[in-house]
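Heads up: the structure comes next, in structure tokens.
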Amino acid sequence: MAIKYSEKVIEHFKNPHNIGELEQPSGAATEGSPACGDQLSIYLDIEEGTNVIKDIKFQSYGCASNIATASIITDMAKGKTIDQAKEISWKQAAEELGGLPPVKMHCSVLAVDALRSAIKDYEKKHLGKEFDESMSKENVKKELQKIIYGKVGVDILTLKLVKYIGIDNDNNIIIDLEMDKGDKFLPDIKEEIEEHLSKFDRANEIKINVV
Ligand code: FES
């Protein structure tokens, strides 16, 4: 079955904005999607002092939705401070594009992850911020693998109830769960997530969203 894309996705795919590379970026990162293996690089030119993103470019080695979401988030981030740009979520990016098919949501996640990593790179190199790498997404994932959905006795990752794992630049861990808000196992799962992730000392807050 053919995937249906919004007009805006097609427009950004055909004529992507901000494509290319910056010669001496103040921050840059390449991220790969665990869901499909595609990659995206983001380059930032940030004004020191104000931390405003003056210029931003991207190179995509991914699908049409990856190119379209990278195009839209680079538009959204340009002119913003790094703190404002960190707040751009994969949901907002998808909404801004007039929606994405559910099987393509991870492409938007990849775009947001690459932007956040590039900002992190700037914060490390220019603002002297330190990040605890032991609190990596991989390690968070390993903890979530230990949490079992009581209804069927299988872990929440295998069941694909975890739609997003993120660590923002303020060391908050963000987990998006795709579950029915009325599910009677939800409070237990939330409690267990908090318990398991509290082992990461550097974690500021654990934010669990039910999407
Ligand atoms: Fe891989 Fe879209 S399918 S980023």
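The values are calculated or read from the model by the stated rules, or taken from the named source; none is laboratory data. Here the structure is a predicted model, which is why all the values come from computation and not from measurement. Every residue, glycine as well, gets a Cβ built from its backbone with ideal geometry; the counts of neighbours run over all protein chains shown.
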Please determine whether any residue of the stretch 94-105 is buried (at least 23 other Cβ atoms within 10 Å of the Cβ) and away from the ligand (no atom under 16 Å from the Cβ).
no
For the stretch 54-75, state whether one or more residues are assigned to a helix (DSSP H, G or I), surrounded by fewer than 17 Cβ atoms within 10 Å (Cβ to Cβ) and not basic (Lys, Arg).
yes
In the stretch 19-53, what residues are more than 19 Å from the chain's Cα centre (by Cα) and under 21 Å from Gln92 (Cα atoms)?
Ile19, Val52
Within the stretch 18-53, restricting to residues that are buried (at least 19 other Cβ atoms within 10 Å of the Cβ) and at pLDDT below 95, the one that is nearest to the ligand (Cβ to nearest atom) is Ser33
Given the structure, is Val112 crowded, with 17+ Cβ neighbours inside 10 Å and either without any contact (Cβ under 8 Å) to a residue 12 or more places away in the chain or closer than 29 Å to Arg202 by Cα (or both)?
yes
